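The structure appears right after this line, and notes come after that.
The values are calculated or read from the model by the stated rules, or taken from the named source; none is laboratory data. On a predicted model such as this, the values are computed, not experimentally measured, just so you know. We place every Cβ from the backbone using ideal geometry, glycine too, and count neighbours over all the protein chains shown.
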Amino acid sequence: MNPIAEKLLHWYDQHARDLPWRNHPDPYAVWVSEIMLQQTRVETVIPYFQRWLITFPTLQSLAEADEQQVLALWEGLGYYSRARNLHKAARIVTGQFGGQLPASAAELQKLPGIGRYTAAAIASMAFGQDIATLDGNLKRVFARLFNVAEPADSPPGEAVLWALSEQHLPPGRAGDYNQALMDLGATTCLPKNPLCSLCPLGELCQARILGVQEQRPMMKPKVAVPHKFKIAAVIVERGKVLLAKRPETGLLAGLWEFPAGEVDADRPEAVTPALETGYRLGVRPLDRLAEVKHAYTHFRLTEWVYRCELIHLPENDVLAWVEVSRLEEYPMGKVDRAIARLVG
């Protein structure tokens, strides 16, 4: 076994994090955890993972679930395409693989929502296959360990880092090796102020030896994030509030929202044209309830919320009157959930 893997696994045997999906007998649980962990911190994922397995204890139960139930349980984790792809993939596995998750990374990558990293993670951790993987934590570890100067988020940089991960893979313990690297990046080789004195690979780390660990990994220059503005209408009549269902594709697909439209500035008079454009609704703004801000991956949003009087309601398949007392049953994004709490 090479020195890096040997030192790393010795450290992992003593310091591995106790996570509910580790050493789980069902590959389905490992798959769910890996999808949840995409772009989400471990501490956030744990309670969602536990609730998920209570509601959908088997792959079959997930496949048989209604999409709205899946989205409702996922609410708050964000990146809702992950939940929809997980649901779609469960149905594919049930229909084409006899309900058994494929064991090979190549077959796993054919399922919705599973890319190279996730497939390798599942194959190594759930099925014991000798295959390396590479997530954000692993990129950082290898970029520092070997002082990689290429941007880690560029194709050339990723190619170098994948090769390094594969080069040091210990046969027979790939799952532990991959999880050890994840733990090292999450607890010790931190993005800022890495705990180099506690690192089991500190003596081998080229970036640390050169004193440039804070400059690794290199990343491509960030692009300016646009700022968008919207106005939302809260229309309540006889204990019911008007909601709109978002399209089945795109951002927050299939979730529910308060009727809203994009505007150029904070102007109450913009409520009427904004809602006329999107829903053909006729409304009169009464008073402002709140200002809600949220940062998405590719843009920032400020949404002004107005209580409105309904003037005209067209026939529209996406609009629905919902009991205020039942708002919790309708899956929403964070912005609209914040508005729902004001209404309820």
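Can you report the number of residues in the range 35-54 which are surrounded by 15 or more Cβ atoms within 10 Å (Cβ to Cβ) and either under 14 Å from residue 183 (Cα atoms) or outside the structural domain of residue 120 (by TED's automatic domain parsing) (or both)? Give the steps one after another, and end with the answer.
Of all residues in the range 35-54, those surrounded by 15 or more Cβ atoms within 10 Å (Cβ to Cβ) come to 35-38, 40, 42, 45-46, 48-49, 52-53.
If we keep only those that are either under 14 Å from residue 183 (Cα atoms) or outside the structural domain of residue 120 (by TED's automatic domain parsing) (or both) as well, we get 37, 42.
Qualifying residue count for the region: 2.
When residue 130 is evaluated against the numbered criteria (1) in a helix (DSSP H, G or I); (2) in contact (Cβ under 8 Å) with a residue 40 or more places away in the chain; (3) of a type outside the set (Phe, Trp, Tyr), which criterion, by number, is the only one it fails?
All conditions pass for residue 130, except number (1).
I want to confirm something. Restricting to the range 309-343 and keeping residues that are assigned to a strand (DSSP E or B) and hydrophobic (A, V, I, L, M, F, W, C), which single residue is surrounded by the fewest Cβ atoms within 10 Å (Cβ to Cβ)?
Initially, the range 309-343 is screened for residues assigned to a strand (DSSP E or B), giving 309-312, 319-323, 332.
Those left that are additionally hydrophobic (A, V, I, L, M, F, W, C): 310-311, 319-322, 332.
Numbers: 310: 14, 311: 11, 319: 17, 320: 14, 321: 14, 322: 17, 332: 23.
Of everything passing the filter in the range 309-343, 311 is surrounded by the fewest Cβ atoms within 10 Å (Cβ to Cβ).
Here's a check for you: in the range 231-240, which residue that is touching an Asp or Glu at 6+ places or on another chain (Cβ under 8 Å) and surrounded by 18 or more Cβ atoms within 10 Å (Cβ to Cβ) is farthest from residue 293 (Cα to Cα)?
In the first step, residues of the range 231-240 are kept if they are touching an Asp or Glu at 6+ places or on another chain (Cβ under 8 Å); the result is 231-232, 235, 239-240.
Subset that is surrounded by 18 or more Cβ atoms within 10 Å (Cβ to Cβ): 231-232, 235.
On the way: 231: 12, 232: 12, 235: 21 Å.
Selected residue: 235.
Got a number for residues in the range 264-284 being surrounded by fewer than 19 Cβ atoms within 10 Å (Cβ to Cβ) and closer than 20 Å to residue 342 by Cβ?
Within the range 264-284, the subset surrounded by fewer than 19 Cβ atoms within 10 Å (Cβ to Cβ) is 264-269, 273, 276-278, 280, 282, 284.
After this cut, where a residue has to be closer than 20 Å to residue 342 by Cβ as well, the list is 266, 268, 284.
The number of residues fulfilling the criteria is 3.
Output the number of residues of the range 169-209 satisfying the condition of being within 12 Å of residue 142 (Cα to Cα) and surrounded by fewer than 18 Cβ atoms within 10 Å (Cβ to Cβ).
Residues in the range 169-209 being within 12 Å of residue 142 (Cα to Cα) and surrounded by fewer than 18 Cβ atoms within 10 Å (Cβ to Cβ): 2 in total.
Wholly within the range 24-108, which helices (runs of 4 or more DSSP H) include no fewer than the required count, namely at least 3 residues that are of a type outside the set (Phe, Trp, Tyr) and either under 18 Å from residue 119 (Cα atoms) or within 16 Å of the chain's Cα centre (by Cα) (or both)? Talk me through it step by step, then tell me what you get.
On the way: elements: 27-37, 42-55, 59-63, 67-74, 81-96, 105-108.
Counting at least 3 such residues, we get 27-37, 42-55, 67-74, 81-96, 105-108.
Between 186, 224, 233, which is in contact (Cβ under 8 Å) with a residue 60 or more places away in the chain, outside any helix (DSSP H, G or I) and not hydroxyl-bearing (Ser, Thr, Tyr)? Give the derivation first.
On the way: 186 fails: outside any helix (DSSP H, G or I); 224 fails: in contact (Cβ under 8 Å) with a residue 60 or more places away in the chain.
Going through 186, 224, 233 in turn, the sole match is 233.
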